[in-house]
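In what follows, a structure is listed as structure tokens, so that the remarks can point back to it.
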Amino acid sequence: MPDRIRLIYDGPHDGPTNMARDEALLECVGAGQSPPALRLYRWEPPTISLGYFQPYAAYEALEPPAGQLPVVRRQTGGGAILHDQELTYALVLPIGHRLARGATKLYELVHDAIIHALADAGMAAWRGCRTDDSTPGRGPFFCFARRHCLDVLAGKEKLAGSAQRRTRNAVLQHGSIVFDRRYDQQPAAAIGEYVDLDPDRFAELWTRSLATLGELLFDPGDCSADELRLADTLRAKYAGPAWTRRR
């Protein structure tokens, strides 16, 4: 039987709200209070998210216009992301879930489903097959200028990447798929440069591919009242300097 996953269409929200809701899902799913979830969301206004280990000074050194955008720090590692015309996902599973076992299984599934969905739309994409030597201190600053062997590429440019946070009880994997670019500083491929495909249609194709490849069944749903209350509490953390400037 397919595993059931709650499918949440959320947002757009600002950076602190988006990160707080991701963490609330991680905590509630990990505590057994909530079922597994796939949350799809966007960002308003455009925002820079720093990886957990990145120094805040790297954001301060960023030139305008990107350097004038709001900034939030994620709970996952990797490089900074300029969230603008994109779709972001957060997939949250109990740590014992069959898809959460091993370091790369969930990356492979999600990224292969992206590639299949794009193929259904007439766009060729592929896995990068190469990991570079980027680090939080050495950079590059932006995640989409870095390379991991499981990243999704279009041509030679990165189109989609993901990062994880694992606790004792649950795993959160989230990532971004870029549809268009308004900032020259954003080093990414964009779906709109290849095919006419809006985020809603992509989400339909992608979740269908994800369901087939992962043997999943998606049930439309929402964040629970408990998750939203916890997210409201956590939002102050992501909006405050103690978390954002901690490194």
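A few remarks follow.
- With respect to the conditions (1) at pLDDT below 95; (2) out of contact with any strand residue (DSSP E or B) (no Cβ under 6 Å at 6 or more places or on another chain), A121 falls short on a single one, namely (1).
- Among residues of segment 62-74 being assigned to a loop (DSSP other than H, G, I, E, B) and at pLDDT below 95, the one that is nearest to R168 (Cα to Cα) is L62.
- The residue of segment 166-184 that is modelled with the lowest pLDDT, among those that are assigned to a loop (DSSP other than H, G, I, E, B) and in contact with a Gly (Cβ under 9 Å, 6 or more places away or on another chain), is R181.
- Of the helices (runs of 4 or more DSSP H) lying entirely inside segment 185-247, the ones with 1 or more residues being more than 22 Å from G15 (Cβ to Cβ) and in contact (Cβ under 8 Å) with a residue 24 or more places away in the chain are found at 199-214, 225-239.
- Residue in segment 78-97 that is of a type in the set (S, T, Y), within 29 Å of L228 (Cβ to Cβ) and at pLDDT below 95 present: no
- Residues that are in a loop (DSSP other than H, G, I, E, B) and among the charged types (D, E, K, R) were ranked within segment 2-61; the one that is farthest from H97 (Cα to Cα) is E44.
- Only one of the listed residues (R182, R235, R245, R208) is of a type in the set (D, E, K, R) and surrounded by 16 or more Cβ atoms within 10 Å (Cβ to Cβ). That residue is R235.
The values are calculated or read from the model by the stated rules, or taken from the named source; none is laboratory data. Please read these numbers as outputs of a predicted model, since none were measured by experiment. No Cβ is skipped: glycine too gets one built from the backbone with ideal geometry, and neighbour counts run over all protein chains shown.
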